[in-house]
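We did not get these values from a lab; they are worked out from the coordinates using the rules stated. These numbers come from a predicted model, not from an experiment. As a convention, Cβ positions derive from the backbone with ideal geometry for all residues, glycine included, and neighbour counts pool all protein chains shown.
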Amino acid sequence: MPTIHLDHLIKRYGDVEVLHGIELEMADHEFTVLVGPSGCGKSTTLRMVAGLEDVSDGEIYVDGKPVSHLEPKDRDLAMVFQDYALYPHMNVAQNISFALRLARRPKAEVDAKVKEVAATVGLTEFLHRKPGALSGGQRQRVAMARALAKDSSIFLFDEPLSNLDAKLRGQMRAELAVMSQRVQKNMIYVTHDQIEAMTLADRIVVMHGGYIQQQGTPEELFKHPVNKFVAGFVGSPPMNFLHGDIEERDGATFVHGDGFALKLEGAKAEAARTHTHRNTILGVRPSDLRFDPEAPSETALTLDVMVSEYVGAQSVLLCKCGSEDVMVELNSETPVAMGQTLKFAVNPNGVHLFDSENETAI
Amino acid sequence: MSIARANRLTPYFFMAPAVVIMAIALLYPLGYMVWGSFKDWDPSQSIGEAEFVGLKNYVTLWNDPNFWESASVTLRFAFFVVSFEMVLGVGLALLLDRNIRGMSVLRTMFILPMMIAPVVVGLMWRYMYHPTVGTFNRTLDSLGIPGVDWLGQHALTSVIIADIWQWTPFIFILALAALQSLPRSALEAARIDGATAWQQIWYIKLPLMMPVLIVTGLLRLIDAFKVLEVILVMTEGGPGLSTEILALRISRTATEFRELGVAAALSNYLLLMLLAFTLGMFGFTRWQEARAAKIRTADEEDA
C-alpha cells in the first residue's frame, strides 16, 4: 500500500499540452478523488498512472520508485472502467479470475479467490453467466470483483458509476464507500460528479483546464475554496456569485453591488480593505442564506422570488438580486410565495470574496 | 376480409417480390439442374427429349476414379488455401492494426490483388511461373539455384500460392475491421490484468473476432470450392489431373465430354459437399449456443 507521487506530470497530444505539470502526493490508504468538468484532464491523469497513456514529461513515483516506463501489468494496480470493460466471451468467474490465471496461480487458489470476491460483491449466483446476460449494476459489480481479485495495492476508478441510473448509482456509491473502508488500499477515483467526490473522498483534487485548482478534504474545499471555479464546482446547489465593489463607510467595510450592500466582518473586512483593487465577486452558498424579515439590511440580501422548486423537506428558491440570479435553500415550511420581495440574512461565516480579475479568493 | 386478417397477411405481401425473384433466379435453375442430373442428356437435346436414367449418372461418377481424384484435389486446394489465407490474413491484420504514418496507403496496397480480374491474375502468374522466361526461375537462375518446374511437378502448390496471393487481402480487411471494432477498454483491462501482447491476442482478440472469422472462413471455403478461372488460365487442370478441381471438371464434362447429365450430377455432388460444410458450421454454432443456454438454466435452478 504505497504512496504515489505525481511529479510535474505533463501530457501532450502532438503540439497540444493538455496537462500542465500535475503535482500530487497520495498517502497510504488514501481515497483520492480527481474531480472536474469534462476535458479537465482527470481521466488522462488516471490513465497515465495506470500506464495506458504515455507520460510526455515528468514522472510518477510509487513508493519513491519511478514507474512511468513500466507496462501497466508491472505497476501492481487494478482498474475499474466506466464501461466496465468486461471480457464479453468469458463468464463472470472467468472474468474475475483472468488476472490470476494469467499469473498461473494454482487452480484451487483461483477458485477460492473467485468465490470469496464474488460473495463480497453479491455475485455468487451469477458466476457462470456471460456479461451479456447481466444487468448494468451486476456488470459493475463484476468489474469491481475483477479489480478486487487482483489484490493490487493501488485501485483506479475511471467514472465507474456514470453509466448507471440515478438510484443504482446512489446504492453503488454507498457500497463503494463501505468497500473502501474495508479493503484499505490506495484508491484513485475519477468522476465529474461532485456529490460522488464529496461522499467518497478522503481528499478531493479539483481539476480544470489541465491544472489542479485545489486539493484538500471535502470540508476544506467546501468551506475554503481557493478560487471561484472551485467554489462554484463544489456544493449543490452551486454557490451564488454577485458582482460588487468594496467600499468603506463609517469605519466599516462593505461590498456594494446591484441591489445590495453587505457589511463585512472580522478578517474578511481586513482582507478586503487591504486588497489591491475594489472590484470583487461576492460568493454565498444557497444554504448560507436564512429567511429573516427582521434582518438589518447591512447583513442581508433583499431578493425577488421568481420560482420555488419543491424537493421535499427542502425547497430551492430561484431569486433575483438586482439583475443577478441568486439561489436560496430553505426549509419547505417557510411561508414564501412567488413574486414576493423578501429579506434573507447572510451567515457571516459563509461570505466568500473573489478577485474579479483572476478569480482567486481574497 | 377482416382488418386483423389483412394485418396478418401484410408481411407476406411485402416478402412476395423477394420470394418470386428467389424462385426464378435460384430455385428454378437449381431444380433444372437436379432434374437434368437424372437424365442422359446431350447438349443437342432439349431436357424433355433426354432419356431418364435415374441415379445412373451419380453411380457412374461414384465409380469413376477421376471424379475422386478431382474431389481430392478440390479438398486439398480448399484446405490449404483457406488455412494459409486465414493465418496470413489474420496475422497481417494483427500486425497492421496500429496508427503509424503511411498505414492507410499500405492497407490499400494490400487489397490490390483482390481487385484484379481472375483471368488477369491467372495470366500474370502463368508468366511468372514460366520455366525459362518467368520471373521466379530467372531470379533463381541469377542466384545460381536451379529452376523449379512450377506448373509441372509442383502445379497444385503453385496454384495454391497464386490463390493465397489473391485472396489473403480479403481475410485481411475483414479481420482488420473486426479488430478495430473490438472494445478498446476490454483490451486495456487485459493489459492491466497482466496480459502480454501474445496473451491479449490469444485470450481476448481472437475469441472476440471469432464470429467474424468463422463467417469469413466459410465464405472463402465456398469460394475455394468454386474457383475456376485462375486455374483454367494457369494450368487447364494439368498436368494430368493434378490441378483439376471439381468446378473445372464440371465445365469440361459439359463442354468437352458433352455429358450435361453427368455435369449436373457432378454439380450436385459439389453442392451437397458445400451444404454439408455449411450445415456443419451452423450446427456447431447452434450446439455451442445450446450448451451456453443449458449452463445458464442450470445456474438459475441452482440459484
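At-a-glance table
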| quantity | calculated |
| --- | --- |
| Mean Cα-pair separation over length for the range B:1-74, i.e. relative contact order, pairs under 8 Å, 6 or more apart, % | 18 |
| Prolate/oblate/rounded call for the range A:210-362, Cα gyration tensor, a/c under 1.5 rounded | oblate |
| Size of electric dipole in the range A:32-119: Cβ of Lys, Arg +1 and of Asp, Glu -1, about Cα centre, debye, nearest 20 | 420 |
| Cα gyration tensor shape of chain B, rounded if a/c is under 1.5, else prolate or oblate by comparing a/b with b/c | oblate |
| Alpha-carbon centroids, the range B:1-50 and the range A:17-69: separation in whole Å | 67 |
| Relative contact order (percent, whole number), the range B:37-267, Cα cutoff 8 Å, 6+ residue spacing | 34 |
| Rounded, prolate or oblate (a/c below 1.5 giving rounded, otherwise prolate when a/b exceeds b/c) for the range A:228-294 by Cα gyration tensor | oblate |
| Nearest-0.05 FRET efficiency for B:A16 and B:V105, computed from C-beta distance (R0 45 Å) | 0.40 |
| Candidate lysines for bridging to A:K223, where Cα separation is under 17 Å - those fewer than 8 sequence places away on the same chain excluded | A:K268 |
| Förster-model FRET efficiency, 30 Å R0, B:S44 and B:T135, C-beta, rounded to 0.05 | 0.10 |
| Hypothetical label at A:D28: residues of the range A:156-192 whose amide nitrogen lies under 19 Å (7 Å Cα-Cβ projection) | A:180-188 |
| Unit charges on C-beta of K, R, D, E only; dipole of the range A:240-355, Debye | 80 |
| At least 20 Å along the helix axis (C-alpha) and Kyte average at least -1.0, DSSP helices within chain B | B:3-22, B:65-96, B:155-180, B:206-226, B:260-302 |
| Cα centroid separation - the range B:68-106 against the range B:195-216, whole Å | 16 |
| Aspartates and glutamates with Cα under 15 Å of A:K130, excluding same-chain neighbours fewer than 8 positions away | B:E289, B:D299, B:E300 |
| Sparsely packed trypsin sites (Lys or Arg not before Pro) within the range A:1-104, loop by DSSP, other Cβ within 10 Å at most 11 | A:R104 |
| Among B:Y32, B:P65, B:S46 the positive-end extreme of the charge dipole of the range B:1-69 (Cβ point charges) | B:Y32 |
| Cβ-derived FRET efficiency at R0 51 Å, A:D258 paired with A:Y61, nearest 0.05 | 0.50 |
| For the range B:246-277 and the range A:201-267, distance of Cα centres in Å | 87 |
| Average other protein chain Cβ within 10 Å of Cβ, residues A:86-99 | 4 |
| Unit charges at the beta carbon, dipole of chain B: most positive-side option, B:M273, B:M22, B:A224 | B:M22 |
| Segments A:175-186, A:193-204 sorted - mean Cβ within 10 Å per residue, highest first | A:193-204, A:175-186 |
| Above-threshold pairs, the threshold being 32 Å between Cα atoms, out of A:K11/A:K73; A:K42/A:K115; A:K73/A:K228; B:K39/B:K226 | A:K42/A:K115; A:K73/A:K228 |
| GluC sites (Glu not before Pro) restricted to the range B:46-98 and DSSP loop, no more than 12 other C-beta within 10 Å | B:E49 |
| Label-to-label distance, nm, for residues given as A:T199 and B:Q153 (7 Å Cα→Cβ offset) | 7.9 |
| Spin-label model distance (nm) - B:M33 vs B:L143, 7 Å beyond Cα toward Cβ | 4.3 |
| Dipole magnitude (debye, nearest 20) for chain A, charges at Cβ of Lys, Arg, Asp, Glu | 1880 |
| Residue order, fewest to most beta carbons within 10 Å, for A:M26, B:M124, A:M207 | B:M124, A:M26, A:M207 |
